[in-house]
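Data first, discussion second: the structure below is written as structure tokens.
The numbers here are math on the coordinates, done by the rules we state, and not lab data. Not measured: the values here are computed from a predicted model. Glycine gets a Cβ as well: all are built from the backbone with ideal geometry, and neighbour counts include every protein chain shown.
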Amino acid sequence: MNPLLKQNSIRLLISVAVLVVLTAVHHAYGAFVYQTPWRLHTLPINFILFFVVSGFLFYSHKNLPWSRVARVLAIGLILITWLGWVGFYEGFYNHLIKDSLYFLGFSPAVMNTMFPSSIYEMPNNLIFEITGILQLLPLPYIAIYCFKGLRDLKSIKGN
């Protein structure tokens, strides 16, 4: 097994783990501050998916049947869950865009259309907004190591 391949997988998992922890802190804090316990649903989902993805990546290094499939599944879950759902939707749209438009002075009507008050909080808590935006920090690393993981598929034996 190529040691660089294993190193890239470890770096990918560390980057995802950082995002999982940031997301857990952000949603737990939001659940407490805004008295919205439904925000806590992301914690078990993120942790369970993290362990599933870790298992797939671990299996992909064994050069066994279905090793390539395991790697593709792991990277696919990472791209959909953490790059897409948590990173771009949660960090970018729900926080960076919302905060930017709010502080640029967009009208309440526009803000309420884009960010309905039934599921969004307008910026009123610095820690909540900062922890939301911080979810963007691991995204470049996740993207780079996902790309490297897909690029290295040819060096994995198995299906």
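Dividing the convex hull volume of the alpha-carbon atoms in segment 80-146 by its residue count gives 84 Å³ per residue.
A simple spin-label model places pseudo-atoms 7 Å from Cα toward Cβ; at V69 and L126 they are separated by 5.2 nm. Every Cα-Cα pair in the chain was counted, and those over 19 Å apart are 57% of them.
Helices assigned as whole DSSP H runs in the chain whose Cα atoms extend at least 20 Å along their own long axis and whose mean Kyte-Doolittle hydropathy is 0.5 or higher are found at 3-33, 42-60.
Per-residue ellipticity at 222 nm computed for the chain from its helices equals -19500 deg cm²/dmol, with DSSP H segments shorter than 4 residues left out and the rest contributing -39,500 (n - 2.57).
The charge dipole of the chain, taken about the Cα centre with unit charges on the Cβ atoms of Lys, Arg (+1) and Asp, Glu (-1), comes to about 940 debye, rounded to the nearest 20. If the segment from D99 to S155 were pulled out straight at 0.36 nm per residue, it would be longer than the present Cα-Cα gap by 15.8 nm.
For T113, T23, which order do you get if you count the other beta carbons within 10 Å of each Cβ and list the fewest first?
On the way: T113 10, T23 26.
Ascending Cβ contact count within 10 Å gives the list T113, T23.
Using the number of other C-beta atoms within 10 angstrom as an exposure proxy, rank K98, K148, K62, K154 with the fewest first. Mind showing how you got there, number by number?
Values: K98 22, K148 17, K62 14, K154 7.
In order of increasing Cβ crowding within 10 Å: K154, K62, K148, K98.
Between I80 and T36, the C-beta separation translates, for a Förster distance of 25 Å, into a calculated FRET efficiency of about 0.55.
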